[in-house]
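Colleague: One structure follows; several queries about it will come next.
The values are calculated or read from the model by the stated rules, or taken from the named source; none is laboratory data. Here the structure is a predicted model, which means the values were calculated and not measured. Cβ placement follows ideal geometry from the backbone for every residue including glycine, while neighbour counts extend to all protein chains displayed. These accessible areas exclude ligands, DNA and RNA; they are computed on the full protein's heavy atoms, side chains included. Shrake-Rupley method; radii C 1.70, N 1.55, O 1.52, S 1.80 Å.
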Amino acid sequence: MNADVKDYVVGKVNELMNASTCCKEAKDAAKNWLDAIGTDKESEASKNLIAEIEEDIMPIDGLIAFAGSEAGAQVFGEETAKNVRSHAEEIKASGAKYCDCAACAACEAILEKKDEIL
């Protein structure tokens, strides 16, 4: 991975780790990747990071379905769930493939560099 890509991905990994919507597993994978840069563990940590964020990133249709469900209303609260669903439908209409929360946005940006990371 060239220096420009590395700097970009490091920034996005830090954004992911600092996102309030980032789960513990993604934070751990991100920290492990940052710690492994430049070591013999970098390749394995890169694979683990990519696998984790591919698992965690929320497809827009999944967000719409969840926000419109009873479980979504329990997690977000009824009014917020309606707002999340409406927002998700709007961004989907604009071409979004994934949720645009801070964690998912960072995951999407990292995945755009997947081939260069691996």
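Colleague: Of these, K12, K24, which one is open to solvent by 70 Å² or more (accessible area, probe 1.4 Å) and on the phi < 0 side of the Ramachandran plot?
Modeller: On the way: K12 fails: open to solvent by 70 Å² or more (accessible area, probe 1.4 Å).
Going through K12, K24 in turn, just one is open to solvent by 70 Å² or more (accessible area, probe 1.4 Å) and on the phi < 0 side of the Ramachandran plot: K24.
Colleague: For S46, state whether it is open to solvent by less than 30 Å² (accessible area, probe 1.4 Å) and of a type outside the set (A, V, I, L, M, F, W, C).
Modeller: yes
Colleague: Residue check, A36 against (1) touching a residue at least 12 places away in the same chain (Cβ under 8 Å); (2) in contact with an Asp or Glu (Cβ under 8 Å, 6 or more places away or on another chain); (3) farther than 25 Å from H87 by Cα, all met but one. Which one?
Modeller: (1)
Colleague: Take L63 and tell me if it is open to solvent by less than 70 Å² (accessible area, probe 1.4 Å), more than 12 Å from the chain's Cα centre (by Cα) and under 17 Å from C22 (Cα atoms).
Modeller: yes
Colleague: Okay, next question. Assuming V75 fulfils every condition listed in (1) under 22 Å from M17 (Cα atoms); (2) open to solvent by less than 60 Å² (accessible area, probe 1.4 Å); (3) of a type in the set (V, I, T) apart from one, which condition is it?
Modeller: (2)
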